[in-house]
Amino acid sequence: TRRSSYTVVKSPHVYKTGGETFEMRVHKRLIDITNATPKTIDNLHNLSLPAGVDVEIRM
């Protein structure tokens with residue numbers, strides 16, 4: 001899991017103590033498929049995934 005943390009100053013002036021922190025987490029999984037057929041690759045392309053989930057296929 002890769003974490004990125006960003007702090008944004010809330011106030012319009014120089015008061016740096018009033019900040020709001022945002023965090024983004026990126027989770028990755030790697031699946032190695034050996035002897036993949038064209039049908040297997042086509043099925044991976046046609047998966048219905050929720051929003052924010054992406055599949056990258058490399059050969």
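Laboratory data are not the source of any read-out in this text; all were calculated from the coordinates shown. These figures come from a predicted structure and were not determined experimentally. In this analysis, Cβ positions are derived from the backbone assuming ideal geometry, glycine residues included, and neighbour counts consider all displayed protein chains.
I'm trying to understand the selection: among the residues of region 8-51, which are surrounded by 10 or more Cβ atoms within 10 Å (Cβ to Cβ) and polar (S, T, N, Q)? Before you say what the answer is, go through the steps one by one.
Initially, region 8-51 is screened for residues surrounded by 10 or more Cβ atoms within 10 Å (Cβ to Cβ), giving 9-11, 15-16, 19, 33, 36, 40-41, 43-44.
Listed by number, the residues that qualify are S11, T40, N43.
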- Residue count for region 1-33, restricted to those that are free of Cβ contacts under 8 Å to residues at least 24 places away in the same chain and either within 13 Å of I57 (Cα to Cα) or among the aliphatic types (A, V, I, L, M) (or both): 9
- All but one of (1) touching a residue at least 12 places away in the same chain (Cβ under 8 Å); (2) outside any loop (DSSP other than H, G, I, E, B) hold for D42, so report the exception by its number. (1)
- Task: Return yes when I33 is among the β-branched types (V, I, T) and either in a loop (DSSP other than H, G, I, E, B) or touching a helix residue (DSSP H, G or I) at 6+ places or on another chain (Cβ under 8 Å) (or both) and no when it is not.
- Result: yes
